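Step one of this worksheet: look at the structure below.
The values are calculated or read from the model by the stated rules, or taken from the named source; none is laboratory data. Fair warning: this is a prediction, and the values are worked out from it, not measured in the lab. As a convention, Cβ positions derive from the backbone with ideal geometry for all residues, glycine included, and neighbour counts pool all protein chains shown.
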Amino acid sequence: MRKLLARILGFFKRENRKKLTLADFKGVVKLKKFIGKGVYLDGKPLGVIEKIVADKKKEKAKKVYIRKNGKLLGINPQSILLENGRLKIRTSKLVRKETREAEREEIDYLSKAVRISNEIRKLKDKILRLDDKLIEGEIDIKTFKIVRKDLDSRIRELANKGKIYLEELRSHLREVYRKKILLEKEFEKYKIELTLGETKEEDVKGRLEALEEKIKELEKQVEKVRVTIETLEYYASEYTGDLRLIKEDLLSKIFEK
C-alpha cells in the first residue's frame with residue numbers, strides 16, 4: 001500500500017515539475033502574444049520571435065522562427081520553455097548546433113567587414129602622411145601622384161568589397177542594440193525591486209554583476225559596428241579614385257613600417 005501511495009505521489013510530483021513549452025499553448029490568440037518576445041539561451045538573449053507556424057486543426061505551434069542578427073532560426077516549440085515569464089531555449093545538442101552555426105556566420109562576416117574598415121583607415125592615414133612628405137619635399141610631385149592614385153584605387157577596391165556587408169551590419173547593429181536595451185530594462189527592474197524591498201541584494205547580486213558586464217560588452221560591440229558601418233558607408237558612396245597600381249616595393253620605400 002505504501003509503495004502504491006509513493007508511486008502516486010511521485011507521479012503527481014513529476015507532473016508538477018513538468019516545464020511548460022510553447023508546444024503546450026493552443027489557440028491563435030495565445031500564440032500571437034509570443035510574437036516579438038525575446039528568447040534566451042544560457043541566460044543570454046538569443047533573439048526575438050518573429051513568426052510562429054501553427055497546425056490549423058490543433059491550433060498548436062509547429063515551428064517557431066527566431067530573428068537573430070538578421071537571420072531566422074527555425075526552432076521546435078518543444079525546445080522553448082516558459083519559466084518565470086521568460087522564454088528560454090531548452091538545452092539540447094540540436095539547438096546549440098543551430099545557434100553556434102548562426103554565430104559562426106555572424107562572426108565571419110563581421111570580422112571581414114571590420115578588417116576591410118581597418119584597412120581603409122590605414123590607407124587613408126598613408127594618404128595623409130604622403131601629403132606631408134610632399135609638403136616637406138621628401139618626394140617629388142610625380143612620385144606623389146603615382147602613389148596617391150594607387151592608394152585611391154586600393155581604397156576604392158576595399159570599399160566595393162565592404163558594400164556587400166552593409167545590410168548585414170545594419171541588421172546586426174539593430175539586434176545588438178535591442179539586446180542591450182533588454183538587458184538594461186532587466187537591470188533596472190532588479191534595481192527597482194531592491195529599492196522597494198521586494199528582493200534581497202544577496203539574491204540578485206550575481207545576476208546584476210553579470211548583467212552590468214554584458215551591457216558593457218554590448219556597448220563596445222555597438223560602437224565597433226557603428227564605426228565600421230560609417231567607414232564603409234562613407235567610402236562606398238563618396239570615395240573616388242583612379243585604378244592605377246604600382247609595385248609594393250615603391251610603397252615600402254616611401255612609407256616606413
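Here are the numbers:
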item: Selected residue (criterion: surrounded by the most Cβ atoms within 10 Å (Cβ to Cβ)) from residues of segment 52-70 that are at pLDDT below 85 and assigned to a strand (DSSP E or B); result: Lys68
item: Among (1) modelled with pLDDT under 85; (2) part of a strand (DSSP E or B); (3) more than 21 Å from His172 (Cβ to Cβ), the one test that Leu73 misses; result: (3)
item: Number of the condition not met by Leu250 [criteria: (1) within 30 Å of Gly43 (Cβ to Cβ); (2) modelled with pLDDT under 80]; result: (1)
item: Pairs where the first residue, in segment 193-216, is part of a loop (DSSP other than H, G, I, E, B) and the second is at pLDDT 90 or above and loosely packed, with under 13 Cβ neighbours inside 10 Å, C-beta under 9 Å, 6+ apart; result: Glu198/Ile192
item: Checklist (1) loosely packed, with under 15 Cβ neighbours inside 10 Å; (2) under 24 Å from Ser237 (Cβ atoms); (3) without any contact (Cβ under 8 Å) to a residue 24 or more places away in the chain applied to Lys112, failing item; result: (3)
item: Any hit, segment 146-155, residues being under 28 Å from the mean Cα position of the chain (by Cα), β-branched (Val, Ile, Thr) and modelled with pLDDT under 90; result: yes
item: Selected residue (criterion: surrounded by the fewest Cβ atoms within 10 Å (Cβ to Cβ)) from residues of segment 32-45 that are out of contact with any Leu (no Cβ under 8 Å at 6 or more places or on another chain) and among the hydrophobic types (A, V, I, L, M, F, W, C); result: Ile35
item: Some residue of segment 190-213 being in contact with an Asp or Glu (Cβ under 9 Å, 6 or more places away or on another chain) and farther than 30 Å from Asp42 by Cβ; result: no
item: Residue list for segment 19-44, filter: assigned to a loop (DSSP other than H, G, I, E, B) and under 21 Å from the mean Cα position of the chain (by Cα); result: Ile35, Gly36, Lys37, Asp42, Gly43
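Per-residue answers, yes or no, for (1) over 29 Å from Thr228 (Cα atoms); (2) loosely packed, with under 14 Cβ neighbours inside 10 Å; (3) not assigned by TED's automatic domain parsing to the domain that holds Leu110:
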position: Arg156; (1), (2), (3): no, no, no
position: Glu167; (1), (2), (3): no, yes, no
position: His172; (1), (2), (3): no, no, no
position: Lys179; (1), (2), (3): no, no, no
position: Glu198; (1), (2), (3): yes, yes, no
position: Glu202; (1), (2), (3): yes, yes, no
position: Arg207; (1), (2), (3): yes, yes, no
position: Leu211; (1), (2), (3): no, no, no
position: Lys214; (1), (2), (3): no, no, no
